[in-house]
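The values are calculated or read from the model by the stated rules, or taken from the named source; none is laboratory data. Because the structure is predicted, anything quoted here is derived from the model rather than measured. Neighbour counts run over all protein chains shown; Cβ positions are idealised from the backbone, glycine included.
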Amino acid sequence: MKRLTFLFCLLLTRPLFAQDAFNYGLIMDDDSYLRIPAKPPVIRKFGLQQLPARVSYEAYCPQPLDQGKHGTCLAFALGYYLRTIMEARRLNTTNRVEINKLAFSPTYLYEEAKLRNDPYCQNGLRIDSATNVIQHKGIIPFSYLGYPACSQADIQKFRTLAMRYRVAESQRFLRLDDPVSEKVSKLKNVLAEGLPVVVSILMTPSFDQLNQEVWQPGQEDLTLLANKQKQLQTKGQSGMGHALCILGYDDEQFGGAFRIVNSRGPGWGKQGFCWIRYADLATFTRYGVQLYPPMQQLATYQIGGFKAAVQFEQKGMGEMGLHIDEAASKTAGMLVYRMNKPNVSGDEFKFLINNDRQAYLFAFGTDERPNSDLTRLFPYSEKRPDGKLVDYSPLLGANTTVAYPPTNTIELDNNTGTDYFLLLFANRPVDSGRMNRTLRSAQGGRLLDRLQKTLSAESLIDFTKIRYEPNRIAFQVEGQATGSVVPVVVLIDHR
């Protein structure tokens, strides 16, 4: 432990002149970025409050450290900064001494995610490799493995410990073709969900050598950026970029700016931090990644207080009226709503969903035909311009609203009868393949009864523990309720 403490102090006191030669550490590879599940497009509906004018997680941030001449910026941004802030938020501590003690090891994340033949931590990381490690393998506290310690430890002996500190999921939230204004909007929205984010920045010397509170790129920076962007557009790669942890934003600072912590030590910027104006950061940023805190994976856990609302909108007609079917809800043991008016083949609509806290969302469609499967509607995939599929994640952040489909509509087919839409709000992923197998095996009887049997293995919230509104889909789980899944069924009389 003495050795680790010495290493920590050495990093904190590294002098400014040691910053004359930097390494970066984020391999700019678009295919790597696109392998990360995409965040579902977020919209603003249901009278949600406007974004706050200021969001900051700096109070939960550990002491800025210096990565030195190693290619470890991504390990610092994701592992040391973001994962540590996530833990400090969970423990609700802003005591810097305590936060430094619970900080996580960038060395461990780098060693688990690095490329072959990189004994000295020089080659950097691909962004999907780093997010996969922190999600599926986890990370360990700094006190177990200090920095730098390239190839100096037996990583295998820490793997059981690391599993305790996995995150629930990682998502990418910026599109490669997003304009600057859209990047700014997305960055502010994800920051308002409760945690910092990590972005890539295409580096320039003026940023490397920053010794003031705000970075303002000049013409030389913009010229260098244009050259790197050209490489990315033609090859999908441009060598090394730099990863930064974004701690928040403030509409009043410098006309609107993001707050940054860097891995260059306290001699960089202003004590290791800086401000970057909204448009400047968005201009130099290409990738954006969000991590979600771990969710308890047991079949049953405390879910009391969870709130959500769902709205169906018909194309050209507005909101579709509906009501709770009390008898069907009590019989099925789940919320069952019916549309007030019938719909006909060719009618087009979409649904919008708002949730107050982090949750998985799964949506399915089916009908009363004997061999009908559950067709998964959400999460969904869509084709990129190059023909490859983009997979969207089922995990929703807190206080967000998503629409399905995001830009198009669902059109009723020619199979008349009763159409069923099943929405599942959960604390863990559900196995849609298993659900379909169970539905097929549950022959005979009403579809609602077969759906009830299909969902019996999902640890449903007791229907009597859910407070709901009768004329719109809006509910809140009571405080002492337990379970993993809140199911909502919506019935459409399809004529």
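Report yes if Lys157 is touching a residue at least 40 places away in the same chain (Cβ under 8 Å), more than 15 Å from Ala113 (Cβ to Cβ) and basic (Lys, Arg), otherwise no.
It is false that Lys157 is touching a residue at least 40 places away in the same chain (Cβ under 8 Å), more than 15 Å from Ala113 (Cβ to Cβ) and basic (Lys, Arg).
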Margin query: in contact with a helix residue (DSSP H, G or I) (Cβ under 8 Å, 6 or more places away or on another chain) and part of a loop (DSSP other than H, G, I, E, B): is that true of Leu195 in this structure?
Written below: yes
Item checked: Among the candidates Leu377, Leu389, Leu451, Leu412, residue that is assigned by TED's automatic domain parsing to the domain that holds Asn340, exposed (fewer than 13 other Cβ atoms within 10 Å of the Cβ), of a type in the set (A, V, I, L, M, F, W, C) and over 21 Å from Gly304 (Cα atoms) -> Leu389
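What about Val167, is it among the β-branched types (Val, Ile, Thr), touching a strand residue (DSSP E or B) at 6+ places or on another chain (Cβ under 7 Å), modelled with pLDDT of 90 or more and in a loop (DSSP other than H, G, I, E, B)?
yes
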Check: Is there a residue being among the acidic types (Asp, Glu), more than 15 Å from the chain's Cα centre (by Cα) and either farther than 22 Å from Asn414 by Cβ or not in a loop (DSSP other than H, G, I, E, B) (or both) anywhere in segment 363-374?
Finding: yes
Item checked: Considering residues of segment 122-143 that are in contact (Cβ under 8 Å) with a residue 60 or more places away in the chain and in contact with a Phe, Trp or Tyr (Cβ under 8 Å, 6 or more places away or on another chain) only, the residue nearest to Ser200 (Cα to Cα) -> Ile127
Next item on the list: List every residue pair whose Cβ atoms sit under 8 Å apart, with the two residues 6 or more apart in sequence or on different chains, where the first one lies in segment 442-471 and is part of a helix (DSSP H, G or I) and the second, anywhere, is exposed (fewer than 14 other Cβ atoms within 10 Å of the Cβ) and of a type in the set (Lys, Arg).
Entry: Ala457/Arg434; Phe463/Lys330
Notebook entry, point to check: Given the conditions (1) in contact with a Gly (Cβ under 7 Å, 6 or more places away or on another chain); (2) over 15 Å from Pro487 (Cα atoms), and given that Leu460 satisfies all but one, which numbered condition is not satisfied?
Noted result: (2)
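Which one is surrounded by the most Cβ atoms within 10 Å (Cβ to Cβ), of the residues in segment 65-78 that are assigned to a helix (DSSP H, G or I) and aliphatic (A, V, I, L, M)?
Ala75
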Check: Do we have Val489 as among the aliphatic types (A, V, I, L, M), within 24 Å of the chain's Cα centre (by Cα) and within 27 Å of Glu326 (Cβ to Cβ) here?
Finding: no
